[in-house]
1. So which lysines can K9 reach, going by Cα to Cα under 22 Å and dropping same-chain residues fewer than 8 places off?
2. In square nanometres, what is the average projected area of the Cα convex hull of the chain?
3. Would you kindly state how much longer the chain becomes between E290 and V144 on full extension, computed as 0.36 nm times their sequence separation minus their alpha carbon distance, in nm to one decimal?
4. Based solely on C-alpha atoms, express the radius of gyration and the Dmax of region 65-287 in angstrom.
5. What order do K167, K146, K238, K366 take when sorted by accessible area (1.4 Å probe), most exposed first?
6. With just the Cα atoms defining each centre, how far is region 236-262 from region 163-178? Give it in Å.
7. Taking all pairs of distinct Cα atoms, average 1/r, flip it, and tell me the Kirkwood hydrodynamic radius of region 191-250 in Å to one decimal place.
8. In a GNM of the chain with a 10 Å cut-off on Cα contacts, which of A62, A352, A385 has the highest mean-square fluctuation?
Amino acid sequence: MMQTEFEKKYYVERRGSSCAKWDGLEGKFGDSDLIAMWVADMDFRCPDSVIEAMKKAVENGAFGYYNVPDSYYDAFIRWEKEHHGYEVKREWLRYTPGVVAGIYALVNAYSQPGDACIILSPCYYPFMGAIQDNGRRLCCSQLVEKEGRYTIDFENFEKTIADNQVKVFILCSPHNPVGRVWTREELVRLMEICRRHHVFVICDEIHQDIVMPGYQKVTLATLGDYDDMMATLTAPSKTFNLAGGQNSFAILPDPTVREKFEAVCRTMRIFDGGSFGYIAAEAAYTGGEEWLKGALETIWRNFTYLRDTLAARLPKAVVTPLEGTYLSWVDLSAYTDAAHLKELVQDKARLAVDFGCWFFDEESGKDDCHIRINLATSGDYVEQAVENLIAACGC
Ligand SMILES: Cc1ncc(COP(=O)(O)O)c(C=O)c1O
């Protein structure tokens, strides 16, 4: 496949850098010779602004305690305003060492052991971890799939909340793994149901900047007067490939929500992170805009190639429309059953992907035949992966 200009400049061979995605293949899949399309990070170098800022820090050479500068907050606040129409105030922001850690803290802040918490399923699996690891009860409202596209069953969502006296809803917006960018109407309906039943909403917007042409991500917090019943978590990690920096934001406009969040963080004294995470995040939000455009073009090119090639040559594979995220959700149930999915995808097609069953509770996921393919890589890998899949399915 022809390389995009972005790919020519930023694609990087990561094997040997101790990256989870490639160097962790043996540990996770028992096979190091696979095309790595699992962990959600990118095979692209970060924006030049990030590398320059990191170099400057490295050249100074002293890596002691960090005094977080105002410019770090200003950069994020500017980004939120310009890209998401969200006017964030400095005092609303709290540090979290990863979005998932923030979810864990908020589950603790807004529910008690034994309480029920709800997700829309299938869902990024650490959401289930946040509920179950904390001794809360997992409630899943299944999304409804039609020709690959997923929507919310609002009646089921509300009934599940009411029947279980749910205390917390963890929302993924845009949604991993089904690639939905929720509409304003959908988000308002969810929030109104949660308001009726006094459910606290943890909104994970880590994929907020990875939105495909024609879609508009709506920031939940800008919808209306919901501050006292919600928290937003986001980060530069997906947007700019900075997950190693572990530098994420909790946006908490309501003072009571801030107090409750801080009370949990205080028990572990988690208030700030490493200097490199701050430096990288600030530089990305300040100088990463053009880079992001190139990354999005490359992801969209990879997706349309995968979608169109599978439609032509593996026509019974159902490729979910990609509205947001760089993760493609593909149903292979026409070509295999769940018992043989790994053999087909990993052993024959030589792909390391996230398997669909990981995103469900055990019972709902046992017959699932989806795979989640990470498209934030070179076109050549995407092409190879598609060819391998077609051959493995015998087409
Ligand atoms: C929806 C979602 N939330 C959170 C994360 C991970 O966030 P962090 O590494 O900041 O904990 C991911 C990574 O794939 C994700 O897809």
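1. Filter leaves K21, K55, K56, K238, K293.
2. With every direction weighted equally, the projected area is 18.8 nm².
3. 48.9 nm
4. 16.7, 53
5. K146, K366, K167, K238
6. The distance from the Cα centre of region 236-262 to that of region 163-178 comes to 18 Å.
7. One over the average 1/r among Cα pairs gives 13.0 Å for region 191-250.
8. Looking only at A62, A352, A385, the largest GNM fluctuation is found for A62.
The values are calculated or read from the model by the stated rules, or taken from the named source; none is laboratory data. Computed from a predicted model, the values in this text were never measured in an experiment. Neighbour counts run over all protein chains shown; Cβ positions are idealised from the backbone, glycine included. Only protein heavy atoms, including side chains, enter the accessible area calculation; ligands, DNA and RNA are left aside. Shrake-Rupley method; radii C 1.70, N 1.55, O 1.52, S 1.80 Å.
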